1. Determine the relative contact order of the chain: mean sequence separation of Cα pairs under 8 Å and six or more apart, normalised by residue count, in whole percent.
2. How much length would be gained if the chain were fully extended between residue 50 and residue 29, taking 0.36 nm per residue of separation minus their Cα-Cα distance, in nm to one decimal?
3. Expected output is a single nm value to one decimal: the length gained when fully extending between residue 92 and residue 163, i.e. 0.36 nm times separation in residues minus the C-alpha distance. What is it?
4. Label residue 144 and residue 42 with points 7 Å out from Cα along Cα→Cβ: what is the distance between them in nm?
5. Measure nothing fancy, just the Cα-based angle from helix 2-13's long axis to the longest principal axis of the chain, in degrees from 0 to 90, nearest 10.
6. Counting helices only, and only those DSSP H runs with n ≥ 4, report the 222 nm mean residue ellipticity of the chain as the sum of -39,500 (n - 2.57) divided by its residues, in deg cm²/dmol to the nearest 500.
7. Sort 54, 35 so the one with the fewest other Cβ atoms within 10 Å of its own Cβ comes first.
């Protein structure tokens, strides 16, 4: 009977439910406002980086996440076939949120797209981007979006972009 009572107590108490995950909103930069929310299927201009590659610049906002150091995983897969375009991880320090409860990444992160691997074009292809924030206890926020990157339209680097981003 004691064992049965112990089992009932354990089942009744159980382990505490994990805390609610935070919310992550993905965006990009805009010289005028600093943050522009991204929407599923948006077009994204590939921007030439300092070392000659092309990136999609991405920012994010977090709500419901405690201040502290997080590990941020970033991935991108080509939508048509799931081929990996980007996989990287780094740390980010989250400070106290603004009065409305939201913390915003101060500077955009480069989502490196090209030069792409041989045979893997990213130009005008739906790319599935995913960001996952984790603390020492596990995942605290995740967001994913599909964007369609394209080379700059009126820019001296268009031809170079078309050459190195087509695989």
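Derivation of every value follows stated rules applied to the coordinates shown; laboratory data play no part. The model shown is predicted, which means the values in this text are computed figures rather than measured ones. All Cβ positions, even for glycine, are placed from backbone atoms using ideal geometry, and neighbour counts span all protein chains on display.
1. Numbers: 346 pairs, mean separation 44.2, N = 167.
Relative contact order here is 26 percent.
2. Length gained between residue 50 and residue 29: 5.8 nm.
3. Numbers: separation 71, 0.36 × 71 = 25.56 nm, distance 3.33 nm.
Gain on extension, residue 92 to residue 163, equals 22.2 nm.
4. 1.9
5. On a 0 to 90 degree scale, this one is about 40.
6. Theoretical 222 nm ellipticity from helices: -3500 deg cm²/dmol.
7. Details: 54 26, 35 15.
So the ranking, lowest neighbour count to highest, is 35, 54.
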